[in-house]
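One structure is given below, encoded as structure tokens.
The values are calculated or read from the model by the stated rules, or taken from the named source; none is laboratory data. These figures come from a predicted structure and were not determined experimentally. Positions of Cβ are generated from backbone atoms using ideal geometry, with glycine treated the same way; all protein chains shown enter the neighbour counts.
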Amino acid sequence: MATFAYTARDTASGREIKNTLEAATEQAAIAALLNRNMLVLSIQERMAARGKTRGGKVKLADLVMFTRQFATMIDAGIAIVQSLQALAEQAANKVMQTVIRDVCSRVESGESFSEALQKHPKTFNKLYVSMVSAGEKGGLLAEIMSRLATYLENAEKIRKKVKSALMYPTGVIIVAIGITIFLLVKVIPVFEDVYKGFGAPLPKPTMILINLSHLLKHYFLIIIPVGGGLIWGWFQFIKTKKGRDFWDARRIKLPIFGQIAHKICLARFTRTLA
């Protein structure tokens, strides 16, 4: 349900009323007010921030479903606005629902479909918007949306395959890190006491391990939040254009993971070019 801010006049008393009303669509809101014997002077959907969504993120699976259903409806001859209204009502993802409603509102106010999509870069990337724009100009919107849906479906399949393939090595790495921390905190101190009894200078690698053990043991509560903050900062950095450029230039040079990233990029490029 969407919230609409309206100004209406009570036909019985002639009094002007300003209030809000929840309804599935603008037409439904107007019909509800008419049933209350009110003459609608103005009505507008209330958005938290026009063109922006509050928290959350649209999943690729939700975008695929929207694109495929929209392509089918347009191909069947249903108008863009009516298609968007129907899809907004069906959307299970609240963020996607808000996005579709805003796009619908913008199209109703005179913007083209591609211009409305462009206001939501977190949901519709440049490729998506460019293809829709080309479809609008060439009169092939239904065909382009169908191709976009196929493209996104293939991207989702590849993403799932990569995620599945990386699950095992990622789990092994996490377990290895956990075991290493346990050895440094619990086992190395025991050996340190044994080595001290020898009365001889210890090798440099052994001293490094002992010092690392002391660091983890005495500053563990500081290392965890600092490490978590650094990881959070890194992910925020690579979300920026400068950060993405920096990371993209280096991740393909990583051992093993670099080859995987290179193949993913190559598959994405060839699929998009086709």
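Among the residues of the range 145-164, write down those that are in contact (Cβ under 8 Å) with a residue 40 or more places away in the chain and not aromatic (Phe, Trp, Tyr).
Once the filter is applied, which keeps residues that are in contact (Cβ under 8 Å) with a residue 40 or more places away in the chain and not aromatic (Phe, Trp, Tyr), the range 145-164 yields 145, 146, 148, 149, 152, 153, 154, 155, 156, 158, 159, 162.
For residues that are loosely packed, with under 13 Cβ neighbours inside 10 Å, part of a loop (DSSP other than H, G, I, E, B) and of a type outside the set (A, V, I, L, M), tally how many sit in the range 1-35.
Qualifying residue count, the range 1-35: 4.
Out of 176, 200, 267, which single residue is out of contact with any Gly (no Cβ under 8 Å at 6 or more places or on another chain), assigned to a helix (DSSP H, G or I), loosely packed, with under 13 Cβ neighbours inside 10 Å and among the small types (Gly, Ala, Ser)?
That would be 176, the only listed residue that is out of contact with any Gly (no Cβ under 8 Å at 6 or more places or on another chain), assigned to a helix (DSSP H, G or I), loosely packed, with under 13 Cβ neighbours inside 10 Å and among the small types (Gly, Ala, Ser).
Has the range 251-264 got any residue that is over 22 Å from residue 128 (Cα atoms), at pLDDT 85 or above, surrounded by 13 or more Cβ atoms within 10 Å (Cβ to Cβ) and touching a helix residue (DSSP H, G or I) at 6+ places or on another chain (Cβ under 8 Å)?
No, the range 251-264 contains no residue that is over 22 Å from residue 128 (Cα atoms), at pLDDT 85 or above, surrounded by 13 or more Cβ atoms within 10 Å (Cβ to Cβ) and touching a helix residue (DSSP H, G or I) at 6+ places or on another chain (Cβ under 8 Å).
Scan the range 71-130 residue by residue and report those that are charged (D, E, K, R) and either at pLDDT 90 or above or surrounded by fewer than 19 Cβ atoms within 10 Å (Cβ to Cβ) (or both).
75, 89, 94, 108, 111, 115, 119, 122, 126
Looking for whichever is in the same structural domain as residue 122 (by TED's automatic domain parsing) and in contact with a helix residue (DSSP H, G or I) (Cβ under 8 Å, 6 or more places away or on another chain) here; the options are 142, 155. Which one fits?
142
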